[in-house]
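Heads up, the thing below is written out as structure tokens.
The values are calculated or read from the model by the stated rules, or taken from the named source; none is laboratory data. On a predicted model such as this, the values are computed, not experimentally measured, just so you know. Neighbour counts run over all protein chains shown; Cβ positions are idealised from the backbone, glycine included. Side chains are part of the model used for accessible areas, which takes the heavy atoms of the whole protein and leaves out ligands, DNA and RNA. Shrake-Rupley method; radii C 1.70, N 1.55, O 1.52, S 1.80 Å.
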Amino acid sequence: MSALPATSAPPGLTALPGLTWIAESPWAWPALEVVHLLGVALLLGNLLAFESRVLGWGRELPLQALARLSLGLAVAGFGLAALSGLTLFAAQPGEMLANRAFVWKMGLVMAAGVNAAVFHARDGLRRLDAMARAQTLASLGLWMGAMICGRWIAYV
């Protein structure tokens, strides 16, 4: 039984050798989705705390200390989500690439990554200017969009 509905997958894109059991197993796919969700929760929860502080909420919290804690945990969450997500993708690459919600999700994740890189490259953590605040709002929107698209993968 496949975890995703049948789609018109691009020809030649099949699961990596040894990974077809993930899509066929009654427990492997859901277990990987749970790990993926835990990674996303760790990522987004910590970004929300950090970005709320950049936006001016919780001014009594020292920004540098909060950044060290929350950004480190957010990166760990991203790593967990990325590893589990890549495993899920490798089990059904053709189906995933044929899924519009998946393609949108990946585009939003890439845009969020570029946004974060630009934020840190321009030292937004030190500046805390209007651009830094706009970037945190963009970050929240991009990650929420990625999360919504991720949930829709099973339904489109």
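So the values come out like this:
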quantity: Sparse-neighbour loop sites [chymotrypsin sites (Phe, Trp or Tyr not before Pro); the range 32-81; at most 14 other C-beta within 10 Å; DSSP]; calculated: Trp57
quantity: CD proxy at 222 nm, helix term only [per DSSP H run n ≥ 4: -39500 (n - 2.57); per residue of the chain; nearest 500]; calculated: -24500 deg cm²/dmol
quantity: Hydrodynamic radius of the chain per Kirkwood, over alpha carbon pairs, in Å; calculated: 16.8
quantity: Alpha carbon convex hull of the range 37-81, volume per residue in cubic angstrom; calculated: 49
quantity: Loop sites in the range 10-86: GluC sites (Glu not before Pro), DSSP, at most 14 other Cβ within 10 Å; calculated: Glu60
quantity: Å² of accessible area per residue within the range 12-156, as computed with a 1.4 Å probe and no ligands counted; calculated: 56
